[in-house]
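**Student:** Below is the structure I would like to discuss, written out as structure tokens.
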Amino acid sequence: MPKDAAALLDTVLPDTCMKTFRPASSFIPRTSGRQTRDSPFKTFDASEHAAASAILDYVDFTHRGTSALIRAPLHVESSDHMIIDSSAWRGLELAKSLGGSKVSSLLQAIDSTTTPGGSRLLAAHLASPLMHLELLERRLDAVSYFYRQEQLLQRTRRQLSEVFDLERNLQRLSIGVGTPKDLKNVASTIEEARQLVELVKSHERLRHSQLPDLPGKEALGLPPLLRDCCNSLVANEQYENIAKAAEEIHAALKDDYASLNSKSGFVRAGYSSELDKWQAVLRHDPKSTEKQQLQTKYRELLGSTRLRVVFQAEKGYFLDLPHEENAKLLKNEDSRHELEKLTLFQSLKNSVRYRSEELRQMNRELTEAAVEVERVENDIFSKLRDRVLLVRDELQAMASAISQIDVVCSHAQVALDRNFTRPLLDGSCELHIEDGRHAVVEAAHLRGSNSKGMRAFVPNSLHLAAKPVGSCWLLTGPNMGGKSTFLRQNAHLVVLAQMGSFVPAKFARVGLVDKLFCRVGSADDLAADKSTFMVEMQETSTILTQATSRSLVLMDEVGRGTAVNDGVAIAGAVLEALCAKQSRTLFATHFTALSDLVGATCNGELRPYRMEVLEHQVGGKTKHLVFSHRVVEGLAAQSYGVNTAALAGCPPSVVARASELLSELTHETTVGRHTDINDVESRLQRALAVLGSLDSQLVSSEGNEMRHSIDPHQILDELRQILSENGEERR
């Protein structure tokens, strides 16, 4: 790879990303050789073909000598999916929390899947929400079907819990690392899939029979998505071959999963006559008549009653003599002569072990039988595996259908458990939420309810649209008041709606969002020589250049990383730009002056809202605060930062001193404001006096002589001097 390209990768990809460099020839479009089974790349352009070729080359490189199971590459239009930028993905904690685990992420809060494939598909849906209304309605219709029929939902989920990870089983079989257990799992899943379809269809037949005979009854039935999934499970052209393969696997392999993980002994007795013949050779009862006869023979031959004939699976047959008995026999000439005919192969602490030619021949027969058993069983395994892989495309479709049903059932279960509702989706640029809730925080409250008592989440509403409604909310309020939670909950709600899930709200109308941006909680990037403020500005730049009128933008504390005046100026300019784009925007800040500063220039798109704070006063002084976490109209009167510091446990002396300093700063600001007003008023009075004097001179003049003696430049200079007095000092 060229050095400049490698340097570009180091800049674009994070340090944690593993990179493998392949030769340029890997990116040359393939015209022959190994390709996916049904993807000749005929519809791909040159760059797409080159990318697919590079992927296939990499798979060949990492799976040498095997045939990895690869699905045909698909051409996906970016306009079909919501774009979530990296900052939003990280800041919203969609798949992982900021700590790097799934715990406390949105994915954990909504994952009620029962199969590994369903869990993976749910994560994939979360990563790429749809922009396609028809596909979204298909998903939501399927969720609604199970949501309205809880009994069917529970039975379906129980059936799904018996399903194995078909996709992983197929992958292991295809790359040559599969075991008989994988085959057994495939066969069991095929049978479970058949029962799953029968469960759904029988329930639908019963439901249909109970409906009154009304016009349109025949049009009722399974939702299209669920019907397609059922067809993928049992109605494909290869299903007869799939079912026969499953029957053959069940007939051939034992049910004991311990034996299915071993190299031999996993085929049922009676399945193969050849295998049964060799297995009979290997079956040795330690108390068998043959063994007793051998022991009697060698005891008589050597003249020892303490000699034992022993059989071990690894060593086969051998003679075992205690040391003292062996020494005694060696002293006897006849016994010593017979012992010399034997082969000493092992000496232990308490005994010695011999083999005779007869025993060695028996062991050779056992070894041959073991080899033949392994060969025959491997042949049986290979034939069954090849039979499965012949229909692997259909089995992959079956795995996808099972995962899809699992995801739909998961959404329905979460909706029932957590009182989610079906969102209304359309092509508008509106976002209207009534009593929306934060799915992750609410789930945390439910988990903690057993030990700490039930904590109710405070719902809030939102309405963003073009004026007169207003596309931008300026959200102010104290720290810990709930601003960030409100921002995140609405982003989560949009993502849930566009992945095909019900949402935590009383009502939700979501105009499809094409891009989701979130600038929340930036951190520095010291390795790239970027300060926190630089990272914040880069994220802001990305939003301003890429957001559209269909985007959802969340901005939290823009401008806080620099001087106050600079921060207010930057935040105001950003706010104006977003209002001009009419992007649906939630702009959280402590800069309450922004409402007056840019409100008039936002063309009616800006609406001020605040997090409600309830003050309990005693004797005219604030005793304590209550953050209600409710969003109400208007601007926050103050930020209550000192109160938050006290709640956080800062030392009382520090809190008291902070209150004193805050009072001083507030007093100075007020006095300075009054001084400025008095000064301006004084200068205006002096300017009016000059103008009044000029007017008197003009009125009292007896002719043009006086008018000609007045110098207009002198008058203007005097006025300019009066109006600009102390200007330099204030600057």
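**Student:** Could you tell me which residue of the range 535-558 is farthest from the chain's Cα centre (by Cα), considering only residues that are among the hydrophobic types (A, V, I, L, M, F, W, C) and assigned to a loop (DSSP other than H, G, I, E, B)?
**Tutor:** We begin by selecting, within the range 535-558, every residue among the hydrophobic types (A, V, I, L, M, F, W, C); these are 535, 537, 543-544, 547, 552-555, 558.
The next check asks that each one be assigned to a loop (DSSP other than H, G, I, E, B); those that pass are 547, 558.
Details: Ala547: 23, Val558: 27 Å.
My answer is Val558.
**Student:** Among (1) in contact (Cβ under 8 Å) with a residue 12 or more places away in the chain; (2) surrounded by fewer than 19 Cβ atoms within 10 Å (Cβ to Cβ); (3) acidic (Asp, Glu); (4) closer than 20 Å to Thr540 by Cα, which single condition is Glu557 missing?
**Tutor:** So the condition that Glu557 fails would be (2).
**Student:** So, one more: Does Gly470 meet the test of being touching a Gly at 6+ places or on another chain (Cβ under 8 Å) and either on the phi > 0 side of the Ramachandran plot or of a type in the set (Lys, Arg) (or both)? Write out each step before concluding.
**Tutor:** Numbers: touching a Gly at 6+ places or on another chain (Cβ under 8 Å): yes; either on the phi > 0 side of the Ramachandran plot or of a type in the set (Lys, Arg) (or both): yes.
Yes, satisfied.
**Student:** Pull out all pairs, ordered by first then second residue, where Cβ-Cβ is under 8 Å, the residues are six or more apart or on different chains, the first lies in the range 97-109 and is at pLDDT 85 or above, and the second is basic (Lys, Arg).
**Tutor:** Pairs that qualify, where the first residue is at pLDDT 85 or above and the partner is basic (Lys, Arg), are Leu98/Arg90; Lys102/Lys96; Ser105/Lys96; Leu107/Lys96; Gln108/Lys102.
**Student:** When you go through Ser400, Ser410 one by one, which is the residue that is part of a helix (DSSP H, G or I), among the hydroxyl-bearing types (Ser, Thr, Tyr) and either more than 20 Å from the chain's Cα centre (by Cα) or over 30 Å from Phe457 (Cβ atoms) (or both)? Before the answer, list the steps.
**Tutor:** On the way: Ser410 fails: either more than 20 Å from the chain's Cα centre (by Cα) or over 30 Å from Phe457 (Cβ atoms) (or both).
Just a single option satisfies the conditions, and that option is Ser400.
**Student:** Please give the number of the condition Ser382 fails out of (1) hydroxyl-bearing (Ser, Thr, Tyr); (2) part of a helix (DSSP H, G or I); (3) in contact (Cβ under 8 Å) with a residue 24 or more places away in the chain.
**Tutor:** Condition (3) is where Ser382 drops out.
**Student:** Return yes or no: is Tyr298 surrounded by 13 or more Cβ atoms within 10 Å (Cβ to Cβ), within 23 Å of Lys277 (Cβ to Cβ) and aromatic (Phe, Trp, Tyr)?
**Tutor:** Values: surrounded by 13 or more Cβ atoms within 10 Å (Cβ to Cβ): yes; within 23 Å of Lys277 (Cβ to Cβ): no; aromatic (Phe, Trp, Tyr): yes.
For Tyr298, the condition - surrounded by 13 or more Cβ atoms within 10 Å (Cβ to Cβ), within 23 Å of Lys277 (Cβ to Cβ) and aromatic (Phe, Trp, Tyr) - is not met.
**Student:** Does at least one position in the range 657-674 carry a residue that is surrounded by 11 or more Cβ atoms within 10 Å (Cβ to Cβ) and modelled with pLDDT under 60?
**Tutor:** Yes: one or more hits.
**Student:** Of all residues in the range 454-484, how many are in contact with a helix residue (DSSP H, G or I) (Cβ under 7 Å, 6 or more places away or on another chain), closer than 12 Å to Thr589 by Cα and assigned to a strand (DSSP E or B)?
**Tutor:** Of the residues in the range 454-484, 2 are in contact with a helix residue (DSSP H, G or I) (Cβ under 7 Å, 6 or more places away or on another chain), closer than 12 Å to Thr589 by Cα and assigned to a strand (DSSP E or B).
**Student:** Among the listed residues Leu384, Leu395, Leu390, identify the single one that is out of contact with any Cys (no Cβ under 6 Å at 6 or more places or on another chain) and surrounded by fewer than 18 Cβ atoms within 10 Å (Cβ to Cβ). Quick ask: steps written out before the conclusion?
**Tutor:** Numbers: Leu384 fails: surrounded by fewer than 18 Cβ atoms within 10 Å (Cβ to Cβ); Leu395 fails: surrounded by fewer than 18 Cβ atoms within 10 Å (Cβ to Cβ).
Testing whether each residue is out of contact with any Cys (no Cβ under 6 Å at 6 or more places or on another chain) and surrounded by fewer than 18 Cβ atoms within 10 Å (Cβ to Cβ) leaves just Leu390.
**Student:** Follow-up question, since we're still on this one. Checking Thr585 against (1) crowded, with 18+ Cβ neighbours inside 10 Å; (2) in contact with a helix residue (DSSP H, G or I) (Cβ under 7 Å, 6 or more places away or on another chain); (3) among the polar types (S, T, N, Q); (4) free of Cβ contacts under 8 Å to residues at least 40 places away in the same chain, only one condition comes out false. Which one?
**Tutor:** All conditions are met except number (4).
**Student:** Which of the residues belonging to the range 164-189 are modelled with pLDDT under 95 and β-branched (Val, Ile, Thr)?
**Tutor:** Ile175, Val177, Thr179
**Student:** Would you point out the residue of the range 475-489, among those that are of a type in the set (S, T, N, Q) and modelled with pLDDT of 90 or more, that is nearest to Met555 (Cα to Cα)?
**Tutor:** Applying the first criterion (of a type in the set (S, T, N, Q)) to the range 475-489 yields 476, 479, 484-485, 489.
Among the residues that remain, those that are also modelled with pLDDT of 90 or more are: 476, 484-485, 489.
On the way: Thr476: 12, Ser484: 9, Thr485: 12, Gln489: 14 Å.
The selected residue is Ser484.
**Student:** Now for a different question. Suppose we keep only residues that are surrounded by 11 or more Cβ atoms within 10 Å (Cβ to Cβ) and not in a strand (DSSP E or B) within the range 301-323. Which one would you say is nearest to the chain's Cα centre (by Cα)?
**Tutor:** The extreme case among them is Lys315.
**Student:** Check the range 415-422 and report whether any residue there is surrounded by 17 or more Cβ atoms within 10 Å (Cβ to Cβ), closer than 30 Å to Ala577 by Cβ, in contact (Cβ under 8 Å) with a residue 60 or more places away in the chain and not aliphatic (A, V, I, L, M).
**Tutor:** No: the range 415-422 contains no residue that is surrounded by 17 or more Cβ atoms within 10 Å (Cβ to Cβ), closer than 30 Å to Ala577 by Cβ, in contact (Cβ under 8 Å) with a residue 60 or more places away in the chain and not aliphatic (A, V, I, L, M).
**Student:** Which one is farthest from the chain's Cα centre (by Cα) among residues in the range 367-387 that are aliphatic (A, V, I, L, M) and closer than 16 Å to Glu314 by Cα?
**Tutor:** Here is the first cut: in the range 367-387, the residues aliphatic (A, V, I, L, M) are 369-371, 373, 376, 380, 384.
Filter once more, so that each one left must be closer than 16 Å to Glu314 by Cα: 369-371, 373.
Working: Ala369: 52, Ala370: 49, Val371: 48, Val373: 47 Å.
Ranking the candidates gives Ala369 first.
**Student:** Take the range 158-170 and flag every residue that is part of a loop (DSSP other than H, G, I, E, B) and not β-branched (Val, Ile, Thr). Write out each step before concluding.
**Tutor:** Let us first name the residues in the range 158-170 that are part of a loop (DSSP other than H, G, I, E, B), namely 161-165.
Those that are part of a loop (DSSP other than H, G, I, E, B) and not β-branched (Val, Ile, Thr): Ser161, Glu162, Phe164, Asp165.
**Student:** Within the range 559-651, considering only helices (runs of 4 or more DSSP H) that don't extend past its boundaries, which have at least 2 residues that are among the small types (Gly, Ala, Ser) and under 27 Å from Val535 (Cα atoms)?
**Tutor:** Details: elements: 564-581, 594-598, 641-647.
In the range 559-651, the matching helices (runs of 4 or more DSSP H) lie at 564-581, 641-647.
**Student:** I would also like to ask the following. What about Val352, is it among the β-branched types (Val, Ile, Thr) and within 15 Å of Leu319 (Cβ to Cβ)?
**Tutor:** Details: among the β-branched types (Val, Ile, Thr): yes; within 15 Å of Leu319 (Cβ to Cβ): yes.
Answer is yes for this residue.
**Student:** Could you tell me whether any residue of the range 308-317 is touching a Gly at 6+ places or on another chain (Cβ under 8 Å) and under 27 Å from Thr179 (Cα atoms)? Show your work before the answer.
**Tutor:** Restricting attention to the range 308-317, the residues satisfying the condition of being touching a Gly at 6+ places or on another chain (Cβ under 8 Å) are none.
Looking for residues that are touching a Gly at 6+ places or on another chain (Cβ under 8 Å) and under 27 Å from Thr179 (Cα atoms), one finds none in the range 308-317, hence no.
**Student:** Exactly one condition in (1) under 19 Å from Pro478 (Cβ atoms); (2) surrounded by 14 or more Cβ atoms within 10 Å (Cβ to Cβ) is false for Leu606; which is it?
**Tutor:** Against the list (1) under 19 Å from Pro478 (Cβ atoms); (2) surrounded by 14 or more Cβ atoms within 10 Å (Cβ to Cβ), Leu606 comes up short only on (1).
The values are calculated or read from the model by the stated rules, or taken from the named source; none is laboratory data. Remember, it's a predicted structure, so these values are computed and weren't measured experimentally. Every residue, glycine as well, gets a Cβ built from its backbone with ideal geometry; the counts of neighbours run over all protein chains shown.
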